[in-house]
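Worksheet for the structure shown next.
The values are calculated or read from the model by the stated rules, or taken from the named source; none is laboratory data. All of these numbers come straight from a predicted model, not from anything done at the bench. Because the Cβ atoms are built from the backbone with ideal geometry, glycine has one as well, and the counts that use them run over all protein chains shown. Side chains are part of the model used for accessible areas, which takes the heavy atoms of the whole protein and leaves out ligands, DNA and RNA. Shrake-Rupley method; radii C 1.70, N 1.55, O 1.52, S 1.80 Å.
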Amino acid sequence: MFNVFVTNIRCQEIPVTFKIINSKKQPVPFATVHVFDRADSLKSDKKISDSTGTVLFNLLKGSQYIVRISSVNYQALEKGINVASAQSSFTFSLEDLPKTLSGVVVTSSKPLMRQEDDKTIIDPENLVAASTNGYEVVEKTPGLFIDQDGNIYISSLSPATVQINGRDMKMSAADVATLLKSIPPTAILKIEILRTPSAKYDASSTGGIVNVVLKKGVKIGITGSVNGGIQQGSYGSQFVGLNINNNNGKKSSSFNVNYNRRNYYEKITNDRQFVPDSVLSQDALTKYPSDAWFGQYILSYAPGKWEIELSGQATLNLADNETNTRNIISKISNGQVRSDNINFIANENKSLVIGAGIEPRLRIDTLGSEWSSNIYYFNSQYTSEQVFTTTYTIPANAVPTGGDGIAENKRDLLSVKSDLKLKMRKRFTLEAGLKSTINNFKNVTNYYDEEGGIRTKNDKRTNTFHYDENINALYLQGSQTFGKDVVLKFGTRLENTNMEGRQIIPRDTSFAIHRTDLFPYIYLSKTVMRIAGFDLRAYLIYRRTITRPVYEQLNPFPRYVDEYLSEVGNPFLRPQFTRNYEANISVNERPLLAVGVNDSKDIFTNVIYQADANPSQGFRTYDNLGKNKEWYVRGLGAIPPGGRYFFVVGGQYNHNFYQGFYENQPLSFKKGTWTFFTYHTFEIDRFSVVTLNGFIRLKGQQQFYELTTFGALNASVNRRFLKEKLIVTLSANDMFFTNKNNFTIKQGSVDAKGYREADTRRFGVNLRYNFGFHKKEENSNMFNVESPEKTN
C-alpha cells in the first residue's frame, strides 16, 4: 500500500536539475542546496551537489519554491523559482568571497530575524561578538526580555520555556540563567523563538519557547576559533574558550570548552509596613563571584538516508556570594528606632550538570518526510553551604544570633521522544509523535542555630523532600495547503501528568497529582496582499496550554533569605491552564504585527505573606489566586537588509486583569505595561561595524510588583584584522546605567516599596581568532553572510 501511495505522490512531480557554478563558469562541488515550498516552509528538502556541481530534486509542477545555496569560499545565495514543465533545470551562479571587508559587510543581507512557519529565527552573529556568555546573547536579542530574576519573556508576562538544542531543561529560572551564563557565546548558532508553539511541542509552554541552538561542525575540513574577553563594571568578568570542528561530508564533530569568571553585585532597599505604626527598612548588598567550566561535544554521522547524532555536555559552577543587610525597625509616628541590626549571609554553592543524548533521523523520501527520535539523560548535583549571623546595635544588650546549614539536591531527568512527519499527496503533511519524561528530585537540608555560643538543630528549617514527576504525551497534527497559499494546521496533544511529592522531615506533606488533559491547536495562514514586491501574510492561531509548578515552587523547605524573610514552596499548588488566541501579520517572512489574548485560570504566582504571630517576619511563596485575562499587541518594523545600515524597532503592550482571592480577601488588580526595543547595525568603513541595541519598559509589572520605568542601551564596535581572521570587539552594556527601578507592592497585608539595581553597566573587549584547515580551494567565511541574489 505504501508503494502505491508514494507512486501517486510522484505522479504530480517532475525531476528538476540544479547546476551550481561560480563566476568563472566552473562547477561548485559539494554545495548545500536547501529548497523550501514558498506556500508552506515546513515542506523542505536539503541535498549536497555532486562533484560536477549538480543536484536533482523531485518538485511539484506549477509550485513556487525558495532555493538557498551555500558553499565554503562563496557567498550564500537565496532565489525564488517557479517549477514548470517547460523548464526542468536551473543554473545558479555563486559569487566568490571578497578579499576585503567591503564585500563581507553585506551582513544585513542575511536578516537578523526571519519567519519560518510559526517560528522566528534569530541570527545572533553581531550579538555574539559583544557578549561574554550565552545569557548575554539572549538578553540582547530584540523582542526578548529578561527580568532581574532570570525569567525570559516573549509576548506575554508569563515566562517562556527555555530549551537547549530543542531539549527542555526543566529547571528553575535561576538555574537556567546559570547554565546559559556558562555557555560560550560563539557556541550559539541561532535562537529560535516560538510565540505560539504547535501541538508538536510540550503543552507547558504558555509563555512560548526560546530554543538556543548550538553549533555543529558545518564546514568541510577542520575549523575552529579561540576566543576570550573581559568586561568591567564595579567588578570584572573574564572568559576564554576554544572551539574545534571537523567535517568530511558524512561525518562531523564539534568540541567546545570554555571557562568563565564572573563577578557582579546587586543592591536592594525596601521599606515594609508590617503593622499600622511600624516599618521595617532594609538595605542589602550582595556580591556574586563565581567560576564556571563548560564542555560539549557533538558527533554526527550521515550514512545515506540516516543521520545519527551523539552529544554530551558538562557544566561545573562554583559560586560564593555574600550579603550584608542593615535592618531597622522604627515607629512611623515618631521615628523611634526599636531595632537596628546587621545581618550577614555567606553562601558557598557548587553545582555539576552532566547530560548526554542520541538523536537518530531517517529521511523517508525526497519530499521532506522523516522519522526522528531523541533520547536524553540529564543529571545534576547541587550543594549549598550557608552561614548567617545577626549583630545588634539596638537594643544594645541583645545577644548576637546566627546559624548555618547545608542543602544537597540531586536530580535525574530522562526524556524519550519520537516524531514522524509524512509529506502526503494533495499537499497534506501529517505529523505524529510520542514523548515521555521522568524527573526525580531529592533534597536533604540540615540547619543549626547558634546563640550565646550554643549550637542547636533548627527543626523548622531541617528538611528532607523527594519529588517524582512523569509526563507522558502523544500528539497528532495535520497541515493542509489549499489553493496557492492558504495553510491550515490543526492538531491536538494528549498529556498524562503524574506528580508525587513526599516531605519526610520535619512532617509529612505528601501530595499526588494524576490527571490527563487534551491541548488542541489550530493555525490558519494566508497571503493577503503583495506590497512593493513583499508578501503580506496573515496568521490566526488558537491553542490551550498548561503551566505546572516546578520542584522549587513545591518544596516546602523554608530557605533563609535574611533575618526577616524566608522563601518556601507550596506543595499544594494546582496547575494553571491558559487559552491563547492570536492574530498576526508577517512581511516577507518577517514578523510585523500581532494581537492576542491569554485567558488563564487557577493562576499561581509569587506572593508575600506575613507571619500571624510576628508580622515583621515575611515569607515569599507561590499560591493559586484565581484567574487572569491578558491582552497584548506587538508591532515590529525594519528596513530591508542589503545596505550599509540596518535597523529593527518594535513595541509591545500588555494589559493584565487579575481576579480572585489574596489572603482570603477579594482580589482585583489591573495593570498595563509598554515595552519598546530596537536593534541597529551600521558599516563604518570597510573593516568596522557598529551595533546598537536596547529596550525600555514603561511603568512595568512583575507579578504584583509595580515598577518604575527602566531599560538599557548597549553598543559595540567590531573590527577585523589579519586577513579577517582576528575580530576585535569593544562593547558597552547598559551604558547609561538605566537598568534599575523602584518598586511597590500593595496586596493584602503587604505594603512595601523599594529600589533595585545591579552591576549592569559594563565595558569590555572581546577577541576571537578563527582558524581552518580546508581543501586547497576552500576558505573560511567567518560571518557566513548571504550575498545579493545572482543566477543565470
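Can you tell me how many residues within the stretch 284-322 are open to solvent by 70 Å² or more (accessible area, probe 1.4 Å) and aromatic (Phe, Trp, Tyr)?
4
Being in a strand (DSSP E or B) and modelled with pLDDT under 90 is the filter; apply it to the stretch 260-279 and report the residue that is surrounded by the fewest Cβ atoms within 10 Å (Cβ to Cβ).
The qualifying residue surrounded by the fewest Cβ atoms within 10 Å (Cβ to Cβ) is Val275.
How many residues are polar (S, T, N, Q) and either open to solvent by 10 Å² or more (accessible area, probe 1.4 Å) or under 16 Å from Thr760 (Cβ atoms) (or both) when one looks only at the stretch 139-154?
Count: 2.
Of all the strands (runs of 3 or more DSSP E) wholly in the stretch 331-431, which have at least 2 residues that are within 30 Å of Asp37 (Cα to Cα) and among the polar types (S, T, N, Q)?
Where strands (runs of 3 or more DSSP E) fall fully within the stretch 331-431 and carry at least 2 residues being within 30 Å of Asp37 (Cα to Cα) and among the polar types (S, T, N, Q), they are 370-394.
Which of the residues that make up the stretch 49-72 are open to solvent by less than 30 Å² (accessible area, probe 1.4 Å), in a loop (DSSP other than H, G, I, E, B) and either free of Cβ contacts under 8 Å to residues at least 40 places away in the same chain or more than 21 Å from Gln26 (Cβ to Cβ) (or both)?
Answer for the stretch 49-72, where residues must be open to solvent by less than 30 Å² (accessible area, probe 1.4 Å), in a loop (DSSP other than H, G, I, E, B) and either free of Cβ contacts under 8 Å to residues at least 40 places away in the same chain or more than 21 Å from Gln26 (Cβ to Cβ) (or both): Ser49, Gly53, Ser63.
Just checking, how many residues over the stretch 725-742 are open to solvent by 30 Å² or more (accessible area, probe 1.4 Å), under 22 Å from His680 (Cα atoms) and of a type in the set (D, E, K, R)?
0
Please give the number of the condition Arg634 fails out of (1) among the basic types (Lys, Arg); (2) surrounded by fewer than 17 Cβ atoms within 10 Å (Cβ to Cβ); (3) within 22 Å of Asn580 (Cα to Cα).
Condition (2) is where Arg634 drops out.
Give me the pairs, please: first residue somewhere in the stretch 319-341 and under 11 Å from Ser281 (Cβ atoms), second residue anywhere and hydroxyl-bearing (Ser, Thr, Tyr) and loosely packed, with under 15 Cβ neighbours inside 10 Å, beta-carbon distance under 6 Å, and either six or more positions apart or on two chains.
Asp340/Thr393
Filter the stretch 529-554 for residues that are part of a strand (DSSP E or B) and without any contact (Cβ under 8 Å) to a residue 24 or more places away in the chain; which is surrounded by the most Cβ atoms within 10 Å (Cβ to Cβ)?
Residue satisfying both the conditions and the ranking: Arg530.
Listed here are the residues, each with its yes/no results for (1) at pLDDT 95 or above; (2) closer than 30 Å to Ser369 by Cβ; (3) open to solvent by 50 Å² or more (accessible area, probe 1.4 Å).
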position: Leu474; (1), (2), (3): yes, yes, yes
position: Glu495; (1), (2), (3): yes, yes, no
position: Arg502; (1), (2), (3): no, no, yes
position: His514; (1), (2), (3): no, no, yes
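Scan (1) touching a Lys or Arg at 6+ places or on another chain (Cβ under 8 Å); (2) part of a loop (DSSP other than H, G, I, E, B); (3) not acidic (Asp, Glu) for the single condition Ser566 breaks and write down its number.
(2)
Working carefully through the options Tyr523, Tyr551, find the one that is in contact with an Asp or Glu (Cβ under 7 Å, 6 or more places away or on another chain) and of a type in the set (Ser, Thr, Tyr).
Testing whether each residue is in contact with an Asp or Glu (Cβ under 7 Å, 6 or more places away or on another chain) and of a type in the set (Ser, Thr, Tyr) leaves just Tyr523.
What is the residue count in the stretch 672-694 for residues that are aliphatic (A, V, I, L, M) and assigned to a loop (DSSP other than H, G, I, E, B)?
So the answer is 1.
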